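Take a look at the structure below.
The values are calculated or read from the model by the stated rules, or taken from the named source; none is laboratory data. Because the structure is a prediction, the values reported are computed rather than measured. Cβ sites come from the backbone with ideal geometry, for glycine too, and all protein chains shown count toward neighbours. Remember, those area values only see protein heavy atoms, side chains included, never the ligands or the DNA or RNA. Shrake-Rupley method; radii C 1.70, N 1.55, O 1.52, S 1.80 Å.
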4 protein chains.
Amino acid sequence: MIIVLKPKATKKEIDHIIGKVKKLGLTPMVSKGIERTIIGVIGEEDAIRIQPLDVYPGVEKVLTILKPYKLVSREFKKEDSIIEIGKGVRIGSKKLVVMAGPCSVENKPLLLKIARSVKKSGAVMLRGGAFKPRTSPYSFQGLGEEGLKFLKEAKKKTGLLIVTELMDPRDMPLVEKYADLIQIGARNMQNFNLLKEVGQSKKPVLLKRGMSSTVKDLLMSAEYVLSEGNFRVILCERGIRTFENHTRFTLDVSAVPVIKNLSHLPVIVDPSHATGKWGLVAPCAKAAIAAGADGLLIEVHSNPEEALSDGAQSLLPENFDRLMNDLRKIAEVVGRSI
Amino acid sequence: MIIVLKPKATKKEIDHIIGKVKKLGLTPMVSKGIERTIIGVIGEEDAIRIQPLDVYPGVEKVLTILKPYKLVSREFKKEDSIIEIGKGVRIGSKKLVVMAGPCSVENKPLLLKIARSVKKSGAVMLRGGAFKPRTSPYSFQGLGEEGLKFLKEAKKKTGLLIVTELMDPRDMPLVEKYADLIQIGARNMQNFNLLKEVGQSKKPVLLKRGMSSTVKDLLMSAEYVLSEGNFRVILCERGIRTFENHTRFTLDVSAVPVIKNLSHLPVIVDPSHATGKWGLVAPCAKAAIAAGADGLLIEVHSNPEEALSDGAQSLLPENFDRLMNDLRKIAEVVGRSI
Amino acid sequence: MIIVLKPKATKKEIDHIIGKVKKLGLTPMVSKGIERTIIGVIGEEDAIRIQPLDVYPGVEKVLTILKPYKLVSREFKKEDSIIEIGKGVRIGSKKLVVMAGPCSVENKPLLLKIARSVKKSGAVMLRGGAFKPRTSPYSFQGLGEEGLKFLKEAKKKTGLLIVTELMDPRDMPLVEKYADLIQIGARNMQNFNLLKEVGQSKKPVLLKRGMSSTVKDLLMSAEYVLSEGNFRVILCERGIRTFENHTRFTLDVSAVPVIKNLSHLPVIVDPSHATGKWGLVAPCAKAAIAAGADGLLIEVHSNPEEALSDGAQSLLPENFDRLMNDLRKIAEVVGRSI
Amino acid sequence: MIIVLKPKATKKEIDHIIGKVKKLGLTPMVSKGIERTIIGVIGEEDAIRIQPLDVYPGVEKVLTILKPYKLVSREFKKEDSIIEIGKGVRIGSKKLVVMAGPCSVENKPLLLKIARSVKKSGAVMLRGGAFKPRTSPYSFQGLGEEGLKFLKEAKKKTGLLIVTELMDPRDMPLVEKYADLIQIGARNMQNFNLLKEVGQSKKPVLLKRGMSSTVKDLLMSAEYVLSEGNFRVILCERGIRTFENHTRFTLDVSAVPVIKNLSHLPVIVDPSHATGKWGLVAPCAKAAIAAGADGLLIEVHSNPEEALSDGAQSLLPENFDRLMNDLRKIAEVVGRSI
C-alpha cells in the first residue's frame, strides 16, 4: 500500500500516520520525492486495507498494490480450475459445456420436449427457472417446487444435469436437493447472505455477474463463496448496463479474457440475457467461444410466442441446433471441443 | 400498446397478430400509414404486456402507452403521500426529515455519543447498520442483534426513531422488532423475495435505488412492496454507477424531480454513499434539498479515522451541525422547514 | 408518429395539437383508449419530427414509428454495401479486410519495417496516424505531412493501401492526397463540420463510433456523410465508455450484428483501442470476426516499449501473425475468408 | 510514479526497467515487499508518463502519483480564478453569472424579445447559437454570420454580453469578432485542434464537459487551452451519459465541488441540456447553485412550441423570472449573490 501525502502535509500529520501504520504491526517506509512525500507500507496489506486512510489529515490518496481478493486469484492457484458437476460434465476443461433450456419451467411436457431437443443438439445441462426474479410483481413468478420436480424428471429422462436459480436462502434445502449446479442470478450477485449460504453448500455454484458490477466486484462476490469453503464456482458474464439501448444489456466479451487473467475459475457466457433478442444470440455465442469462454448458457424454447418469460430472447430448437454446429467448429479453432 | 409492423409484413402475419390480440379480449385497430402499418391495441394493456410480441413474425417493434407500474404512480394517487413513522415524524410533509448516524453500529458508547450529537443538530431519526452488506468477506459484517439492541437504547435515550437495514428475510422478525423504518439497501433493490417480505410488514420501508437501476426499475421494485399491501414506502436516491471515478457513484440529483413527477411517494437522498467522500457530502446535501428532496440520510461519525466501515464518507458532528444550519435556510427557500 | 395525451388533456389542447398537425400537411387520427387518448400522425414523419411536440400542453409523450436516418438504413438499400477502396480491396465482401500498423507514424524505417511485416501476415491496408488526437497537450501530436509522406512511401514499397485520420477540416486537401481511406476518429464522430467535409470528398470514409455514442448516434453521423453525397462509408466499433475499468473501453461486440440489421454499411472492429491492452486484442479480434464483422483495425508495433503512442495496446508482429492464422480459420466457419 | 512488478519478475527484467528509468534521467528506488517488489521513480514524472511502462516484461501495473494536468490545477494556483468577460461581468467571483437565451438564434425580433426579457430577470449574458451541432443532418443548422449579427445587435440594445459556440476552426475570426465568450460544445470537448485554436485567442472560453468525459478528461482539455496561453477558461457541467433515460443526460452535480477541489477555474452548470426537459430545469438549477456553481447557462424561449431547436428544454420567460428569484435566495445561503 502506498500513501500519497498532500504537498503541504505537516510533520505532525506524517508522524500521526506513521504511528498508525506501526500500531498495526506494519513497517512504514517514507520516501520524499520532489513534489510529493509518499509512505510505503510493508507487511500484510489486509491489516490496513480496512482503515479509512484517506480520511487522515495530510493524505491525498491511497494506492493499493495487491488485489483485494485472494482465493479466487491466479496467484493463489495458477492452474485453471476444472469444476466437476457430475456424470462426466467438467467445466473449465478442454470440452466446452453448453447449458440450454427455457427461461422458466412452465409445464412438464414442454420442458421434456425442449430438454430432449437441446440434448440432441449437444447440450449437457438443462437450464430452467423454478423461482423467477421478475421486475414486475404482476409477471409469472415461477412454479416453485413443482418446477424443480419437472426438472428432475427431465434429468431422469435425458441425462442432462440441472442448473437452476436460488433466490432465497430459505429455499436452499429445496434447490440443493434438485440442482446439480446452483445459479445465483445477476440481481443477487451482491446478496451477501445468499453467497454465504451457497458457500456452505456441497453443490457447485454458477455466479452471474451483476449488471452494474465490475469484474473486481464479481471476483469479490466469488471470494465470499470460496471463503466459506465452497471452491466449486463458475463465473458467468451476462451483459452489463450501459447507455446503449438496442440491446437489453451490453455483452462485455472482453471480460472473458480479463477474468481468465485474474482468476483460475471457469467463465461461461449467457448471450440470451445479455442481448435480450434471439437474433443476436448466435453471433454473440460464437464471439464468446472465440474469446475463450468455457461454456454457454442459452435460452431455447420451442414456442417463444407463448413463453411465460423472456420469449423474445429464446432460440427455436432448430436455430439452436444450427448454432451448435457452428460452435463446434469455432471451438476447434481455439483448441477446444463441444 | 402500439404494434409497429415491418414494411413487408404479410397479410397472414397481420392476421395472426390480430387473432392473438382478440383472443386476449382486446380490440385491435389497424392503421395503414405510408411507410408502416401499425396495430393499436385497446383494452387492458397488462393483458398483452407479458406476451413477447416482438417475437411474432412481421413485428418490427412494440411501443407501450401506459407505464408498467400502477400503485406507485401519480395517476393512481394524485396527492403526495405522507408517511407516518411515529412520534410526529412524517416523511413527505413540509417538514424535511434528516436521518443521521454511523454507517454501522460499532459499540454502545460511541453510538450514544453520535446519537446525542445528531439529535442536537436537528436529526429526527438515527441510522446505523446491524447487518452490513460488505463487498469483501473479510470486512466487518455488523454486530447483528446486539447492534439492534444498542439502537433501541439510543432511541430510548434520545427519542430518535430508528432506521436500519434488513438483508435477509430470515432476519425479518428481529429487524421488525427494533426498527421504526426498515431499509432495503441498493444491492437488494431487486431481491424480490425480500421486497415481498417487507410488503407484508407493518413497518414502513426505505427503498434505496440500485446502483444500476433506472427510475422505472426503482418504481417497479416499490410496486412489489405496495402490491403486497404495504403502502408506506419512501424512496432513496443514493448515486448510480457511471464512468466517472472521482466519486464512488454519481448522485443523480435530477431523479428527485423526475420521481416526484411520476410517483406520489416521498424521496430522500443519501449524499454519503453517493459520493463516498465526506468533503462532497455538504454540497450534495444542499443540492438535494434545493432540488426538492423530502429528506436526507447522512453518515456521521465522531471518529472517522477509527470507523469500522465507510469512515471516508462520514461527517464529523461539527460539520454535520454546520450543514444543518445551511440546510435550514435552503429548506425555507423551497418552501420547506427542518 | 404517435402523440400520447395526458389523462386529463382538454378538448382545447387536443384541438390545438390537431391544428398543428394539419398545418404541417399531415393527417391526424385520434383514437380514444380506456386510459389514454392518442393521436396518430399519417404522412412524412420528418415534417413533424423537428417540432418539440412534447412541449405542447396536454402531451404526455411522443413515440416515433420510423427511424431518424434514411440513406444508411436497410430499408433504403437492402443489399450489403461493398466499398471499393482500390487495388482489389473491397470492404463488406466475403473477403475480410484487415488494416494493421502502428498507432502513429514515428519514423520511416520503423514504418516500413512494420508495413512489410503486417503485409506478410495478410493485412491489406496500413494504418498509421500523422495527426494524433491526444488527451494531453504534452504528448506526441504526430508528424503531420511528413508522416503522410512516409505512409505514401510504405504504400509504394508494399502495395498496402493507406488509412489515416483527419482531425481538422483545414487538413482535408493534405489527407485526401495521401489517404486511400479517411478515418474520422471516435472523438470527432459528432464533429458535424468534419462529417460534412468528408461527405464531399471522393475518398471513402472510416467512421469510428464515439465512446459515448449509441448505435443510433453512429448511424446519424454516417447519415451526415451520405447526405452530402459520399456513400462510401465504413463503420467501426471501438469500445464504449462504461464503469468497467479493467479495459480502457468496453468492446460492444453485439453492435456488429445490431448494425448489420439496421444498415447496409460494412462494420469493422478495432480491438486495440477498445481494450487498451495488447493481451486482450487477440481474443477480442476473434470474437469480432465470429460475430460477423467485415474486418479489423489492429495496432502492430515492432517495439512497443519505445512506441510514441499506445504502446501498451500494440501487438508484436509475431503475435499479429499468429492471430491472423487463427482468424483465417474463424473466418471460414462464418463463411468468409481473409 | 510507482512501478509494481509481477510476483515472478526476474532480475533481468528488473534491471531492464531500472536501466530505462535511469536513461530518462530519473532515480529508481527499489523496494522489496513480502508479496511484491515495487520501483518508485523520483524526478519529473512527465518524462516517464509517456512511456508505455505496462508493456515492459515483469511489470504488473503502474501507479501515478501526480495528476496529468498542471496549469489548471489547484497546486499550480491556489486562489480561485476570476475570469473577466467585460462590462463588469466576472465569472468565479462572489457574484454568480447567469447566461440565458434561446438554443439557437432564429430571427432578430424574437432574439431581441428574449434578450430583453432575460436581462430584466437578472441575466448578464445572452446565449444563442449561430452554428448548431445537430445530430441529424436534416435539422436546422443555424443562421451562421447572420445569427452572429443579430446577437451583436441584441448586445447593443440590452448590454448583455454574448456567449456563442465555435464549431469549426475556420469560423474562428468570425466568432471571435462577435462573441464575448467563446463556447466549445460538449461534442467538441476533445476536438484538440479547436482547443488549440481558442487557446491562441484573446477571448475567454467556455468549455463544456463531453457527455462521456470524466472530470479528469475535462481538465486535460482545459489544459490544452491554457497551455496555448489562454488562461481565461470557464468549465461547464452539462450532464453525462448514463443508462438512465428519463432525462437526456444525467446532471453530475457532484462534479461542481469535485472540480473546485482539483482546479482554480470557475465552473458553471447547464441544466437545460443536462435534463432535456424544461420541467426539470428549475430544480436542477437550484441544486447547482446550492452545490457551489459559479453560474448557470439556461435556455429561455418565449415560444417553445415554435423553437427551431431544443424547444422541449426551454423555459418560458415567466418561469425563468420565477427561477431567478429563488436562485437569488439560495445564492445568499451559500454566500453568493446574483
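Please figure out what share of the DSSP beta bridges in chain D is antiparallel and state it in percent, rounded to the nearest 5.
Details: 18 of 45 bridges.
So the antiparallel bridges in chain D amount to around 40 percent.
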**OP:** Express as a percent, rounded to the nearest 5, the fraction of DSSP beta bridges in segment A:148-254 (both residues included) that run antiparallel.
**Re:** 10
**OP:** Could you grab the relative contact order for chain D? Cα pairs under 8 Å, six or more apart, rounded to a whole percent.
**Re:** 16
Original post:
In whole Å, what is the distance between the alpha-carbon centres of segment A:146-183 and segment D:130-203?
Top reply: 64
Subject >> GNM top mover of D:PHE243, D:PHE150, D:PHE231 - chain D, alpha-carbon springs below 10 Å >> reply: D:PHE243
Original post:
Where in segment A:313-338 does the amide nitrogen come within less than 13 Å of the point 7 Å from the Cα of A:LYS120, taken along Cα to Cβ?
Top reply: A:317-322
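For segment B:193-239, run through the trypsin sites (Lys or Arg not before Pro) and keep only the ones in DSSP coil with at most 14 other Cβ atoms within 10 Å of their Cβ. Walk me through the numbers on the way to the answer.
Details: sites: B:LYS196, B:LYS202, B:LYS208, B:ARG209, B:LYS216, B:ARG232, B:ARG238; in loops: B:LYS202, B:ARG209, B:ARG232, B:ARG238.
Listed in order of number, the matching sites are B:LYS202.
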Subject >> Relative counts (whole %) of C-alpha pair distances in the protein assembly as shown, using bins that are 20 Å wide >> reply: 10, 39, 41, 10, 0
**OP:** Using Cα centres only, tell me the gap between segment C:254-270 and segment C:290-338 in whole Å.
**Re:** 19
Original post:
Sorted by accessible area (1.4 Å probe), largest first, how do A:ARG187, B:ARG248 line up?
Top reply: B:ARG248, A:ARG187
Original post:
In nm, one decimal, shortest first: how far is the label point of C:LYS87 (7 Å from Cα along Cα to beta carbon) from the matching points in the other copies?
Top reply: 5.7, 5.9, 8.2
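Which order do D:HIS16, A:HIS264, A:HIS273 take by accessible area at a 1.4 Å probe, largest first?
Working: D:HIS16 85, A:HIS264 5, A:HIS273 25 Å².
Per-residue accessible area, sorted high to low, gives D:HIS16, A:HIS273, A:HIS264.
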Original post:
Mind checking which of D:ALA222, D:ALA100, D:ALA291 has the largest fluctuation in a GNM of chain D, springs on alpha carbons under 10 Å?
Top reply: D:ALA291
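Going down the list A:LYS196/B:LYS177; D:LYS196/D:LYS329; D:LYS119/D:LYS203; B:LYS208/D:LYS61, which pairs span over 31 Å between their C-alpha atoms? Display every interim value, and only then the final one.
Values: A:LYS196/B:LYS177 25 Å; D:LYS196/D:LYS329 39 Å; D:LYS119/D:LYS203 22 Å; B:LYS208/D:LYS61 36 Å.
Over 31 Å Cα-Cα: D:LYS196/D:LYS329; B:LYS208/D:LYS61.
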Original post:
Taking a probe of 1.4 angstrom, what is the accessible area of B:TYR69 in Å², to the nearest 10?
Top reply: 10
Original post:
Counting only residues 5 or more places away or on other chains, whose amide H sits under 5 Å from the amide H of B:LYS61 once H atoms are built in the peptide plane?
Top reply: B:VAL4
Original post:
What does the accessible area of C:MET99 come to, in Å² to the nearest 10, when a probe of 1.4 Å is used?
Top reply: 0
Subject >> Other copies of C:LYS108: label-to-label distances in nm, shortest first, labels 7 Å along the beta-carbon direction >> reply: 5.9, 8.2, 8.6
Original post:
What are the nm distances, shortest first, from C:PRO173 to its equivalents in the other copies, labels at 7 Å along Cα→Cβ?
Top reply: 1.6, 8.6, 8.7
Original post:
For chain D, modelled as a Gaussian network with Cα springs under 10 Å, which listed residue fluctuates most, D:LEU235, D:LEU174, D:LEU148?
Top reply: D:LEU174
Subject >> Straight-distance crosslink candidates among aspartates and glutamates, where the alpha carbon sits under 12 Å from D:LYS108 and sequence neighbours closer than 8 are dropped >> reply: D:GLU146, D:GLU153
Subject >> segment D:212-239 and segment A:1-37: distance between their alpha carbon centers, rounded to Å >> reply: 32
**OP:** Collect residues whose amide H, placed 1.01 Å from N in the peptide plane, falls under 5 Å from the amide H of A:THR37; neighbours closer than 5 in sequence don't count.
**Re:** A:LEU5
**OP:** For n ≥ 4 DSSP H runs only, could you compute -39500 (n - 2.57) per run for chain A, divide by its residues and tell me the 222 nm figure to the nearest 500?
**Re:** -10500 deg cm²/dmol
**OP:** Mind scanning C:LYS32/C:LYS260; D:LYS87/D:LYS286; B:LYS132/B:LYS216 and naming the pairs with a C-alpha gap bigger than 32 Å?
**Re:** C:LYS32/C:LYS260
**OP:** With label points built 7 Å along Cα→Cβ from the Cα atoms of A:ASN245 and B:GLN200, find their separation and express it in nm.
**Re:** 3.7
Original post:
Can you name the residue in chain A whose Cβ lies closest to the A-to-B rotation axis, and give that gap in whole Å?
Top reply: A:SER212, 1
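Based on DSSP, what percent of beta bridges with both residues in the protein assembly as shown are antiparallel, to the nearest 5? Walk me through the numbers on the way to the answer.
Values: 74 of 182 bridges.
Of the beta bridges lying entirely in the protein assembly as shown, close to 40 percent run antiparallel.
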**OP:** Pull up all non-local amide H partners of B:ILE268: gap of 5 or more, or a different chain, and H-to-H distance under 5 Å with H placed in the peptide plane.
**Re:** B:LEU235, B:CYS236, B:GLU237, B:ASP294
**OP:** Would you calculate the separation in nanometres between label points at B:ASN107 and B:LYS32, each defined as 7 Å from the Cα along the Cα-to-beta-carbon direction?
**Re:** 8.2
